[in-house]
Amino acid sequence: MSSDTGRLGGPLNSIADGYNDRFGQVFGELNGLQFALIIGSLLVLLLVPVWAPLLGMSGLLRTLALASIWAILAMGWDIQSGYTGYISFGHAVLSGGAAYTTALLIGNVNPDLSLAVTLPLSVLAALTIGLVIAVPSLRLKGPYFSLVTFVAGLIFYQLTYAFSDYTGGELGVRVGRIDFTVGGFEITTFDPVMRYYVMLVPMLLIAVTLLYVARSNVGMIFVAIRENETAVSAAGIDTTKFKIWSFVLSSIPMGIGGWLLAHFYGTVNPLNFLLVDRSIELIAMAVVGGMSSILGPIGGAFLVIVLREEVLRIFGATGRWVMLWTLILLVLVFARDGLFRKLWHYLGRLGSRDGGEN
Amino acid sequence: MSLFRLDGLTKRFGGLVAVDDLSFEVDRGEIVGLIGPNGSGKSTVFNCTMGRYKVSDGSIHFDGSEITDYRTHEVVENGLSRVSQESNPITEMPVAANIKLFTLPNSVLAFRGGATDEEIYQYAARIDLEDKLEEMPDELPHADIRRLEIAKALATEPEMLLLDEPFAGMNQQEINDLVDKFEELREEGITMIVVDHNMGGLMKLADRIVVIHNGSKIAEGSPEEIAENEAVKRAYLGSTEAM
Ligand SMILES: Nc1ncnc2c1ncn2[C@@H]1O[C@H](COP(=O)(O)OP(=O)(O)O)[C@@H](O)[C@H]1O
Ligand SMILES: [Mg+2]
């Protein structure tokens, strides 16, 4: 453990060590600065409804709620594609499938269905679609696997037009907002503050769960599959089973994220949910933050969404997309490991020079 | 009854017959040498046994069960482990994690488990690698990378080890040390097939030698018998290698 000789690192490190003793084994060890970054980000996110209005930036509540949902999707992609190296270019099919399940239930079965029905069925739909894609295609290697997932995305996109009697085609289906009561207290996403927390809290819970998985044996086996699949089977491990498991672990957050996104927009249409751009965006978020790290994709999602929805607006409706993709391209070329990962390792080195471990 | 048995094992790649109607047995506790000039089909025998290649004909039995069509992880779960000719450590993980991977349970719900640090140390110590646990594989000298491959195979707790050219690229001192280690493993009850392209390290080690040439068995016997065998000498005469 650390010797606490640094000026800045010292007190932070001793707090971090308290964390490390209790949770380091489970979620990975942190030094003082990394710990401060995590806790700082968490506080900033939890207190957005307090500080955003004070700074005259109430619009951030909407943007950061949206970023939370995309963070779920980017993490969902990461635990499968980032970790196992079987890169899916069609992951929006999973979240889109969940969103359309909710849409079809509400639009065609009963507009008053509660989330106790729509949420589990939507996640189940994502899971089913994930397995339908994964089971036959995971035998394929490299570009062939990616191509299959990509084409699956194209098929689902066209299906929404082919069945426009049910899906509303281009216009989509209205699903309305989320309303529920906890302990007599009514939660509704009509209220921007409540909506923010309805998106943020699941994101944080999914992050903790996926971090646990990623730092466990299962995450280690996923990475080993990416690096050397033959070696993993030589270890007596059924790689097919674990690759399918990665899809299961991915489909569940994709389903939850798709369901949240449906209610965030209030309408489910092909453009916002199934267009192939959506699959590429969530990959971009994961890669910009730093894939196969879970935390990286969260950072990437917040960065990309804040840029797109806030900062780059000055370039106009299409100009912002051009700028966004250009920036993403620059990150891919100059910081391939991801910005958040770079920051993380920088803090790792800084922290150790300040007297921490490593 | 023998622990391991090949019955008419045949492997064809298109028109090429890499292994041709090969049969031999290995008893529990034995060390059998499998030799033959380059390209004679030794690695293919191991690849068929480990479920890497689909067998064209014949059968493979291990410990009372037919394992001919088993997948790699099932073969390993049954107690067979192979040290490949090519080392393939995961370069992103240190030595200890490379060994640990080979102890992880084959269960998607086993989030924790596998060998403890102490157990990993023991696996490494069995092959003199215990001082290198924190190092990354690409920092290791050749002989240590080969030791890591053996430590990984041992970590699956095998009853039988298939060793493919374990002495390749090692100097005489390293070969002698490794021979001693294999003797110790035999004392611990591990059965072995050791492939080499010549008799070098096997002369002292092997109880019995099987010689294959163009995929077929051309001789079988004690190391002394094989050293004198005319058919074996002729097979090696055609190749550029010494016996
Ligand atoms: N995957 C493969 N595809 C085609 N031919 C192969 C393959 N693996 C091995 N061979 C061929 O089978 C023969 C035996 O190879 P191998 O078993 O590697 O020989 P050894 O290990 O005895 O040097 C060689 O002619 C080799 O070219
Ligand atoms: Mg060979």
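The values are calculated or read from the model by the stated rules, or taken from the named source; none is laboratory data. Because the structure is a prediction, the values reported are computed rather than measured. Note that each Cβ is placed from the backbone with ideal geometry, even for glycine, and that neighbours are counted across all protein chains shown. For accessibility, only protein heavy atoms count, side chains too; no ligands or nucleic acids. Shrake-Rupley method; radii C 1.70, N 1.55, O 1.52, S 1.80 Å.
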Original post:
Mind checking the angle between helix B:142-155 and chain B's longest principal axis? C-alpha axes, 0 to 90 degrees, to the nearest 10.
Top reply: 80
**OP:** Pull up all non-local amide H partners of A:V175: gap of 5 or more, or a different chain, and H-to-H distance under 5 Å with H placed in the peptide plane.
**Re:** A:T267, A:V268
**OP:** Please say if region B:29-76 is rounded, prolate or oblate, where rounded means a/c under 1.5 for a ≥ b ≥ c the square roots of the C-alpha gyration tensor eigenvalues, and otherwise the choice is prolate for a/b larger than b/c and oblate otherwise?
**Re:** oblate
**OP:** Rank B:E225, B:E118, B:E30 by mean-square fluctuation in a GNM of chain B with C-alpha springs under 10 angstrom and give only the top-ranked residue.
**Re:** B:E118
Subject >> ³J(HN,Hα) computed for each position of region B:220-228 - Karplus, 6.51 cos²θ - 1.76 cosθ + 1.60, integer Hz, glycine/proline x >> reply: 8, x, 5, x, 5, 4, 5, 4, 9
Original post:
What lysines could a cross-link reach from B:K217, if we take a straight Cα to Cα line under 21 Å and drop same-chain neighbours fewer than 8 places away?
Top reply: B:K11, B:K42, B:K54, B:K233
Original post:
Tell me, which residues of region B:100-116 get at least 40 Å² less accessible area when the other protein chains come in, versus the chain alone (1.4 Å probe)?
Top reply: B:L101, B:F102, B:L104, B:N106, B:V108, B:F111, B:R112
Original post:
In this model, which of A:K141/B:K100; A:K243/B:K152; A:K243/B:K181 are farther than 29 Å apart at the alpha-carbon?
Top reply: A:K243/B:K181
Subject >> Charge sum, other residues only, whose C-beta stays under 9 Å from B:A155's C-beta, Lys/Arg counted +1 and Asp/Glu -1 >> reply: 0
**OP:** Express the accessible area of chain A per residue in Å², computed with a 1.4 Å probe while the remaining protein chains stay in the model.
**Re:** 43
Original post:
Considering chain B as a Gaussian network with a 10 Å cut-off on Cα pairs, which listed residue, B:D63, B:D117, B:D128, attains the greatest mean-square fluctuation?
Top reply: B:D117
Original post:
If you roll a 1.4 Å probe over the protein assembly as shown with all protein chains in place, what percent of the accessible area is carbon or sulfur?
Top reply: 59
Original post:
Once Lys and Arg get +1 and Asp and Glu get -1 on their Cβ, which of A:V208, A:I256, A:W245 lies farthest toward the positive end of the dipole of region A:60-276?
Top reply: A:W245
**OP:** Go through region B:71-86 and flag every residue whose accessible area shrinks by 20 Å² or more with all protein chains in place compared to the isolated chain (probe 1.4 Å).
**Re:** B:R71, B:T72, B:H73, B:V76
Original post:
Expressed as an acute angle from 0 to 90° and rounded to the nearest 10, what is the orientation of the C-alpha long axis of helix B:172-187 relative to the principal long axis of chain B?
Top reply: 80
Subject >> Karplus 3J(HN,Hα) series, Hz, for region A:167-172 with 6.51 cos²θ - 1.76 cosθ + 1.60 (x for Gly, Pro) >> reply: 8, x, x, 4, 6, x
**OP:** List the residues whose amide H sits under 5 Å from the amide H of B:A219, counting only those 5 or more places along or on another chain, with H placed 1.01 Å from N in the peptide plane.
**Re:** B:V211
**OP:** Give me the accessible area buried between chains B and A, both sides summed, with a 1.4 Å probe, in Å² rounded to the nearest 100.
**Re:** 2300
Subject >> From phi via Karplus (6.51, -1.76, 1.60), per-residue ³J(HN,Hα) for region B:97-109 in Hz, x at Gly/Pro >> reply: 5, 4, 6, 4, 3, 7, 10, 6, x, 7, 9, 5, 9
